Amino acid sequence: MPELLPFRGMRFADSDRLKDLVCPPYDVISPAEQKRLHERNPANAVHLELSQAHEDRDVRNREVAGVWRRWIEEGIVVQESTESFYVYRQDFVSQDGRRCRVAGVIGALKLGPYGEASGVLPHERTMPGPIEERLSLMKALPVNISPIYSIYRGGGGLTPYLDELENRPTAARFADEHGTLHRLWIISAPAERDMISEALRPGPLVIADGHHRYETALAYAQSVGGEGDHQSVMCFCVDADAEDLVVFPYHRVLKTSVDPREIERRMAERWPVKPIDNGTSSSAALSHSSADHPFLLHSREGETLVEVGDSTVVEQVGTRARAWRDLDVVALHEAVLPLVLPEGVDDLRFSKDPDEILSLVEDGGWTAGVLLRALHPAQVVEVARSGERMPQKASYFWPKALTGLVFRTLTRLPG
């Protein structure tokens, strides 16, 4: 079962300027945004999360650790006097115009290998490169800079409590450039802390964002050994049954030696394909398709709706967990690409922005783009419960939990 505990967070002393001090998680910051955030404020959290200090990794990490020490010495960040949970709420308008909210609890999640004992489950595969990079940073700066993001099926058990917090003063409140309202409450009362811990205890917690950060924290804990704050990681926990979670698909763009017309011909040999003419909305064609696994194939030759049946996936992967097999991204990687491109894919890139995918095909020299439908948050939980993992970059939860609302140090502060 998962164990979520309160902790003494460290927060920016100047809460009135938080809008200029926070940043997104490191893995969604583009080079242009990284530069802009560095220039926005010398105390912006990006100076820890994704520093531009030096090209050499070790030198850069030492400089980041120096920035953190200076922030403490100058009182830019201060530590809470009591162990607390942090309720974080985001209010936003969805793409279809609905007023939405995501509220959850930030706490210290006990680390352990994925599974029943830890109560923590992954939903997608990871890559060793990012873990190595972040572990190097954590060794130089033993701080949870940003929380991992987990979801669970809680049946709305905490919803009345989270709703009631609107009547209490906030520790932080600001709207970002996208119009999302961010609010933070500090929960220090022992009875409330116990209630929150108990509500999260049944689990499991499924990592929505932050697989690399969780595995980095676990590797760090194992390397240090013993007991201490390093045996847990800062985690934002959200009830998928109650909150308005938005999950965008990660679309794909690929490079291959095979001509795009040949790719389309091979697909047409196996599945129904429908060219999309200029007067038809490609996104509507994708969302309205009744196929088990519809995809939009985009090349310089045009757009085509490809409709793949579940039988194709079963032929390739057998009767593995239905929750996993039902995913379009699984059908693409486990069945469609191996069947259509036995030569292999030379390069693959991901983006939640369809326009970026189309631009890379039209102007960037990529062979073809594949646009996918969005996932439902409950699908993510059920796939994790089945023991399967999605391909990397299968889901994009939005809005992201910001970096800089609260930090968690893994070592005792001087004095």
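The values are calculated or read from the model by the stated rules, or taken from the named source; none is laboratory data. Quantities reported herein were computed from a predicted structural model and do not represent experimental measurements. Methodologically, a virtual Cβ is constructed for each residue, glycine included, from the backbone with ideal geometry; neighbour enumeration extends over all protein chains shown.
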Open item on the list: Given (1) charged (D, E, K, R); (2) at pLDDT 95 or above; (3) under 29 Å from residue 118 (Cα atoms), identify the lone condition not met by residue 27.
Closed with: (2)
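For residues in the stretch 204-224 being of a type in the set (D, E, K, R) and in a helix (DSSP H, G or I), which is surrounded by the fewest Cβ atoms within 10 Å (Cβ to Cβ)?
Filtering the stretch 204-224 for residues of a type in the set (D, E, K, R) gives 209, 213, 215.
Imposing the further condition that a residue be in a helix (DSSP H, G or I) reduces the set to 213, 215.
Values: 213: 26, 215: 23.
Restricting to residues being of a type in the set (D, E, K, R) and in a helix (DSSP H, G or I), the top hit is 215.
Can you confirm whether the stretch 30-40 contains a residue that is closer than 23 Å to residue 411 by Cβ and either in a loop (DSSP other than H, G, I, E, B) or over 22 Å from the mean Cα position of the chain (by Cα) (or both)? Walk me through it before giving the result.
Taking the stretch 30-40 as the starting set, the residues that turn out to be closer than 23 Å to residue 411 by Cβ are none.
No: the stretch 30-40 contains no residue that is closer than 23 Å to residue 411 by Cβ and either in a loop (DSSP other than H, G, I, E, B) or over 22 Å from the mean Cα position of the chain (by Cα) (or both).
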TODO: Please identify the pairs in which a residue from the stretch 59-78 that is in contact (Cβ under 8 Å) with a residue 24 or more places away in the chain has its Cβ atom under 6 Å from the Cβ atom of a residue that is of a type in the set (D, E, K, R), counting only partners at least 6 apart or on another chain.
DONE: none
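How many residues, within the stretch 224-240, are in contact (Cβ under 8 Å) with a residue 12 or more places away in the chain and out of contact with any Asp or Glu (no Cβ under 9 Å at 6 or more places or on another chain)? Write out each step before concluding.
Keep residues of the stretch 224-240 that are in contact (Cβ under 8 Å) with a residue 12 or more places away in the chain, which gives 228-240.
From the residues that got through so far, the ones that are out of contact with any Asp or Glu (no Cβ under 9 Å at 6 or more places or on another chain) too are 228-231, 233-235, 237-240.
Count: 11.
Within the stretch 357-365, identify whether any single residue is touching a Phe, Trp or Tyr at 6+ places or on another chain (Cβ under 9 Å) and either closer than 25 Å to residue 104 by Cβ or not assigned by TED's automatic domain parsing to the domain that holds residue 307 (or both), and answer yes or no.
Initial filter on the stretch 357-365 (touching a Phe, Trp or Tyr at 6+ places or on another chain (Cβ under 9 Å)): 357, 360.
Retained after the next criterion (residues that are either closer than 25 Å to residue 104 by Cβ or not assigned by TED's automatic domain parsing to the domain that holds residue 307 (or both)): none.
No: zero hits.
Considering each residue of the stretch 374-389, count those that are among the aliphatic types (A, V, I, L, M), outside any helix (DSSP H, G or I) and more than 14 Å from the chain's Cα centre (by Cα), and give that number.
Looking only at the stretch 374-389, we keep the residues that are among the aliphatic types (A, V, I, L, M), and these are 374-375, 378, 380-381, 383-384.
Keeping just the survivors that are outside any helix (DSSP H, G or I) gives 374-375.
The next check asks that each one be more than 14 Å from the chain's Cα centre (by Cα); those that pass are 374.
Matching residues across the stretch 374-389 total 1.
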Open item on the list: Condition check: assigned to a strand (DSSP E or B), under 27 Å from residue 391 (Cα atoms) and outside the structural domain of residue 333 (by TED's automatic domain parsing). Does residue 104 satisfy that?
Closed with: yes
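Would you tally the residues in the stretch 298-342 being of a type in the set (Asp, Glu) and out of contact with any strand residue (DSSP E or B) (no Cβ under 8 Å at 6 or more places or on another chain)?
Going residue by residue through the stretch 298-342, those that are of a type in the set (Asp, Glu) are 301, 303, 307, 310, 315, 326, 328, 334.
Next, from what is left, pick out any that are out of contact with any strand residue (DSSP E or B) (no Cβ under 8 Å at 6 or more places or on another chain): 301, 315, 326, 334.
Here the count works out to 4.
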Task: Given (1) exposed (fewer than 14 other Cβ atoms within 10 Å of the Cβ); (2) farther than 30 Å from residue 150 by Cβ; (3) in contact (Cβ under 8 Å) with a residue 12 or more places away in the chain, index of the condition residue 287 fails - done: (2)
